[in-house]
1. If Ser188 satisfies every condition in (1) out of contact with any His (no Cβ under 8 Å at 6 or more places or on another chain); (2) closer than 28 Å to Leu71 by Cβ but one, which is the exception?
2. Which of (1) in contact with a Gly (Cβ under 9 Å, 6 or more places away or on another chain); (2) open to solvent by 50 Å² or more (accessible area, probe 1.4 Å); (3) more than 23 Å from Trp100 (Cβ to Cβ) is the odd one out, the single condition Gly187 does not satisfy?
3. From the list Ala196, Ala157, which one is without any contact (Cβ under 8 Å) to a residue 60 or more places away in the chain, buried (at least 21 other Cβ atoms within 10 Å of the Cβ) and not basic (Lys, Arg)?
4. Being assigned to a loop (DSSP other than H, G, I, E, B) and basic (Lys, Arg): is that true of Arg376 here?
5. Could you grab me the full set of residues in region 265-301 that are surrounded by 14 or more Cβ atoms within 10 Å (Cβ to Cβ), not hydrophobic (A, V, I, L, M, F, W, C) and not in a loop (DSSP other than H, G, I, E, B)?
6. Limited to region 199-231, what total is found for residues that are surrounded by fewer than 17 Cβ atoms within 10 Å (Cβ to Cβ) and out of contact with any Pro (no Cβ under 9 Å at 6 or more places or on another chain)?
7. Report yes if Val76 is assigned to a helix (DSSP H, G or I) and open to solvent by 10 Å² or more (accessible area, probe 1.4 Å), otherwise no.
8. Does Ala349 fit the bill of being aliphatic (A, V, I, L, M), open to solvent by 30 Å² or more (accessible area, probe 1.4 Å) and more than 30 Å from Leu252 (Cβ to Cβ)?
Amino acid sequence: MSARPAAPEESSARSGIPLGSILGVPVTLAWSWFIIAAFVVFAFGPDVARALPGIGYGAYGVALAYAVLLLLSVLVHELAHAWLAKAYGWPGARIVLTLWGGHTQFGSFHATPGRSLAVALAGPAANFIIAGLGLLVQTLLAPGGVAGLLLNILVLANFLVAVFNILPGLPLDGGRLVESLVWRVTGSQERGTIAAGWAGRIIAVGLVVAFIGWPLYRFGTVDFSLGIVGLLVAGFLFVGANASMRDARMRLRLPKLAAGALATPAVGLRADASVADVVERGRGLAAGTEFLLVGAGGQPEAVIDPPSFASVPRELHGTTAAASVARALAPGAVVREDAAGQPLIQYLASLKGSEYAVVDLAGRVTGLLRQETVVRAITGR
């Protein structure tokens, strides 16, 4: 139940069931939601039967209504995120309701600590309001039977969704409080995210202790259902915290990425050069230097392929065109050596191919940048 950058659109058949748009916010019900719905029906159906003797198999219909009310509570939670974000001008809001509740995705946007926190806390606030209104109805009308049970679950579900989400650790909404505080102090959202991720890890471990460790220590046994739920929720939090931290560390590395620093040294030769010209130009250069062929307009066009180059017999060097032992660069695969950070990554993402000629301010070839090198630098692997 969190806000995060939007993922590429998937087909409806793969991502879930499109439920349409609510005030301009597209909503998708993921197929995984039916897993939690089935769990709720079979776990709570017997409880409903005991609470309402004589209802028979209708108890499972009421339990299904439980699942739907929980879904609606999560939907309201995510809509609160989306609507406040839209008020701040954040683009591309899209809600996906999943096994774990849901999340709201956005396109690229510029946030501040205060706005990020406000959008995060809008979800729990909406659930607290619904729980409060439900309590008011209970006090004024005191409904019984099925209506009373459903009203109770509506209040309880919204209260639990709100309380759970304000826990101060990512990927929960309350993690944005930790993130925003550290962000405001350090000026770095990424460092705030890492701190909130650590808090999320601690909460995950705490849940395992609370649901499994403490009952074992105190009573020597663990309720099977609660233990499974505790492990699943703790696992969800731990994995989500790790993902947030990994993304933040990646963003911290971005400003340090520069095309010139990441590139393998290279020199340029005319596109009509021969293999002998390449051999002559390579005398005295450091091992591993790449050779790029440059067209008449000064645009790098191809890269000499070392295995193909080495296969040319010495006596044929003078008559073999270097272009015949080169692999073509994708059109426009050229980047300046001073390009760096997020603009560099966005620019490379717009290019085809996996190799890019690096040039200086005068347009002279100085290096060859490979996609795999950039990926390793971003991921730290």
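1. (2)
2. Of (1) in contact with a Gly (Cβ under 9 Å, 6 or more places away or on another chain); (2) open to solvent by 50 Å² or more (accessible area, probe 1.4 Å); (3) more than 23 Å from Trp100 (Cβ to Cβ), only one is false for Gly187: (1).
3. Values: Ala157 fails: without any contact (Cβ under 8 Å) to a residue 60 or more places away in the chain.
Criteria check complete, one pass: Ala196.
4. Working: assigned to a loop (DSSP other than H, G, I, E, B): no; basic (Lys, Arg): yes.
Judged against the criteria, Arg376 is not a match.
5. So in region 265-301, the residues surrounded by 14 or more Cβ atoms within 10 Å (Cβ to Cβ) come out as 265-269, 271, 273-279, 281-282, 289-294, 299-301.
With not hydrophobic (A, V, I, L, M, F, W, C) added as a condition, the list becomes 265, 268, 274, 277, 281-282, 289-290, 299-301.
Answer for region 265-301, where residues must be surrounded by 14 or more Cβ atoms within 10 Å (Cβ to Cβ), not hydrophobic (A, V, I, L, M, F, W, C) and not in a loop (DSSP other than H, G, I, E, B): Pro265, Gly268, Ser274, Asp277, Arg281, Glu290, Pro300, Glu301.
6. Keep residues of region 199-231 that are surrounded by fewer than 17 Cβ atoms within 10 Å (Cβ to Cβ), which gives 202, 205-206, 209-210, 213-214, 216-229, 231.
With the extra rule that they be out of contact with any Pro (no Cβ under 9 Å at 6 or more places or on another chain), the set shrinks to 202, 205-206, 209-210, 213-214, 216-220, 224-225, 228-229, 231.
The number of residues fulfilling the criteria is 17.
7. Against the criterion (assigned to a helix (DSSP H, G or I) and open to solvent by 10 Å² or more (accessible area, probe 1.4 Å)), Val76 qualifies.
8. On the way: aliphatic (A, V, I, L, M): yes; open to solvent by 30 Å² or more (accessible area, probe 1.4 Å): yes; more than 30 Å from Leu252 (Cβ to Cβ): no.
When the stated conditions are applied, Ala349 does not pass them.
The values are calculated or read from the model by the stated rules, or taken from the named source; none is laboratory data. Because the structure is a prediction, the values reported are computed rather than measured. Don't worry about glycine lacking a Cβ; one is built from the backbone with ideal geometry, like all the others, and counts go over all protein chains shown. What goes into the accessible areas is simple: the full protein's heavy atoms, side chains included, and nothing from ligands, DNA or RNA. Shrake-Rupley method; radii C 1.70, N 1.55, O 1.52, S 1.80 Å.
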